[in-house]
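The values are calculated or read from the model by the stated rules, or taken from the named source; none is laboratory data. Remember, it's a predicted structure, so these values are computed and weren't measured experimentally. Here the Cβ positions follow ideal geometry from the backbone for every residue, glycine too, while neighbour counts run over all protein chains shown. The protein model used for the area step is the full one, side chains on, heavy atoms only, and it has no ligands, DNA or RNA in it. Shrake-Rupley method; radii C 1.70, N 1.55, O 1.52, S 1.80 Å.
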Amino acid sequence: MKSLKENFQKAHIVIIGSGIIGKFNALELSELGFQVTIIDPAQFQNSSNAALGLLMGNMYQKRRGRSWDLRKQSIELWPKWITFLQKFNCELDIEKPLIQLTTNEEKFKKFEKFINENNDLNLQIIKNDSKIIKNLNTTFQTKNIKGIVSHKDGRIDAKTLLKTLDTYLKNKKVNFLKEEIIEIKKSKSQWISRTRNNEKIKSDMVILCNSLKAVNLIDNLSYNIVLKPVLGQAMEINISDAEVDLLSLPKQFNINGKNIIPKSKNKLIIGSTDEYSTKPEENTFEKLTNFLDKKPNWLTKGKIAKKWFGIRSRPDGEPSPIMKNLENGLIICTGFYKNGILLAPACSKWVANEIKSYLC
Ligand SMILES: Cc1cc2nc3c(=O)[nH]c(=O)nc-3n(C[C@H](O)[C@H](O)[C@H](O)COP(=O)(O)OP(=O)(O)OC[C@H]3O[C@@H](n4cnc5c(N)ncnc54)[C@H](O)[C@@H]3O)c2cc1C
């Protein structure tokens, strides 16, 4: 029997899709010594490039079950990967902490219960008379913003992360094909991935990381995987009110479900990830900025500098994400309708463990 190392060195793994999930799998598997090929016709036009990069792990309130396990594992893995990836880009980092805010009394009671029950020093209720809350209430022209802070959570810039992974993968000489895969087939013990240009790429294993389109490549009568498109939208807003200094606010926070990142004194990004649609609607500004009973004047007068969106895949009838060993040598890792950036390390580790046990 061949040694594990020999199997690893010989095995060629094709990863279909090069969003954060495909690229992170390529990182994990390259570090283990596999030969990796990533295939994607449009690596810059995916939902990973649209992501705001919030890592909301430790403040997740349901602290049991698969979703929590994946979050917990990712929170532990992120610092190690950041240290590793900083060799390829010293600017890559996680900006902490992350703040979750609400103006709803019931919701705040749930936050309080969560913090009191968990006795976790990294999670705290933000005192009402604190400078943070005072600044938020003054800036948003309200009185009832309350919230919690998680010192273990934060934000990574998604574009910087993807670029750093590209540098790493190039350095590791990972093959990259700018092609669309239209069919995968098993022939004896090998997998053949056929591109739209009829090129055939042979491999020992295939990992499907191509989001919504993954179901087009499998025999779905046997697997019955249903993925629905979920739109996520974000925009950058310029404000003209000299009285308001957006840099006095926390570096990243969520308020009544909207993610906010102040970029400069008069520029902020707002994003939301909860719409069932594939086309952004005309009233994006209204939808993203109506998160308080009364919109502050500076926000009403704000001007959209940029807007963008991404389509994620949401599993229907089963929890997100879908991570399954479909058959010998074929793994699916998709359905990240939320939190794909956060969960990439834990999910790639799961894939690597499946591959190790398949090859042993
Ligand atoms: C506005 C917005 C904000 C977000 N904010 C956050 C956040 O703050 N934190 C967080 O953790 N997550 C966030 N997300 C979610 C996150 O972006 C997704 O969960 C994640 O990007 C999913 O990654 P993915 O690799 O599965 O898919 P994608 O990034 O969509 O990549 C799939 C890739 O597959 C390729 N592909 C498709 N079909 C084929 C084929 N046949 N052959 C070859 N390649 C193919 C596509 O071209 C694409 O590049 C946000 C998303 C959006 C849209």
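Listed conditions (1) away from the ligand (no atom under 12 Å from the Cβ); (2) open to solvent by 60 Å² or more (accessible area, probe 1.4 Å) are all met by Pro41, apart from (1). Summed over region 101-120, the residues that are closer than 11 Å to Ser150 by Cβ and either open to solvent by 90 Å² or more (accessible area, probe 1.4 Å) or assigned to a loop (DSSP other than H, G, I, E, B) (or both) give a count of 1. For region 266-285, the tally of residues that are of a type outside the set (Val, Ile, Thr), in a strand (DSSP E or B) and closer than 17 Å to Ser47 by Cα stands at 4. Residues that are under 30 Å from Ala11 (Cα atoms) and in a loop (DSSP other than H, G, I, E, B) within region 286-328 comprise Ser320, Pro321, Asn328, listed in sequence order.
Screening Leu247 on (1) within 22 Å of Pro97 (Cα to Cα); (2) open to solvent by less than 50 Å² (accessible area, probe 1.4 Å); (3) more than 19 Å from the chain's Cα centre (by Cα) shows it passes everything except condition (2).
Scanning region 212-227 for residues that are loosely packed, with under 15 Cβ neighbours inside 10 Å and either in a strand (DSSP E or B) or small (Gly, Ala, Ser) (or both) yields a single hit, Ser222. Applying the condition of being touching a residue at least 24 places away in the same chain (Cβ under 8 Å) and within 13 Å of Leu101 (Cα to Cα) to region 143-153 and asking which residue is most open to solvent (accessible area, probe 1.4 Å) yields Asn144.
The sole residue among Ile331, Ile355 that is assigned to a strand (DSSP E or B) and either of a type in the set (A, V, I, L, M, F, W, C) or within 16 Å of the ligand (Cβ to nearest atom) (or both) is Ile331.
Taken over region 281-304, the residue count meeting the criterion of being within 20 Å of Ala51 (Cα to Cα) and open to solvent by less than 50 Å² (accessible area, probe 1.4 Å) is 5. The set of residues in region 46-65 being in a helix (DSSP H, G or I) and within 16 Å of the ligand (Cβ to nearest atom) consists of Ser47, Ser48, Asn49, Ala50. Taken together, the residues in region 184-211 that are open to solvent by 10 Å² or more (accessible area, probe 1.4 Å) and either aliphatic (A, V, I, L, M) or over 21 Å from Thr334 (Cβ atoms) (or both) amount to 12. Somewhere in region 333-354, is a residue open to solvent by 10 Å² or more (accessible area, probe 1.4 Å) and over 22 Å from Leu27 (Cβ atoms)? Taking every residue of region 333-354 in turn, at least one turns out to be open to solvent by 10 Å² or more (accessible area, probe 1.4 Å) and over 22 Å from Leu27 (Cβ atoms). Looking across Lys303, Lys349, one residue alone is over 25 Å from Gly271 (Cα atoms), away from the ligand (no atom under 11 Å from the Cβ) and among the charged types (D, E, K, R). It is Lys349. Of the set (1) within 12 Å of the ligand (Cβ to nearest atom); (2) surrounded by fewer than 21 Cβ atoms within 10 Å (Cβ to Cβ); (3) at pLDDT below 95; (4) under 19 Å from the mean Cα position of the chain (by Cα), all apply to Ile269 but (3). Of the residues making up region 208-227, those that are among the hydrophobic types (A, V, I, L, M, F, W, C) and within 11 Å of the ligand (Cβ to nearest atom) are Leu208, Cys209, Leu212, Ala214, Val215, Leu217, Leu227. Can you find even one residue in region 62-83 that is under 26 Å from Leu136 (Cα atoms), surrounded by 13 or more Cβ atoms within 10 Å (Cβ to Cβ) and more than 17 Å from the chain's Cα centre (by Cα)? Checking region 62-83: not a single residue is under 26 Å from Leu136 (Cα atoms), surrounded by 13 or more Cβ atoms within 10 Å (Cβ to Cβ) and more than 17 Å from the chain's Cα centre (by Cα). Checked against the criteria, Asp93 does not count as more than 30 Å from Asn46 (Cβ to Cβ) and assigned to a loop (DSSP other than H, G, I, E, B). With respect to the conditions (1) out of contact with any helix residue (DSSP H, G or I) (no Cβ under 9 Å at 6 or more places or on another chain); (2) in a helix (DSSP H, G or I), Phe24 lacks only one, and its number is (1). Residues in region 43-60 that are in contact (Cβ under 8 Å) with a residue 40 or more places away in the chain and over 30 Å from Ser150 (Cβ atoms): Gln43 only.
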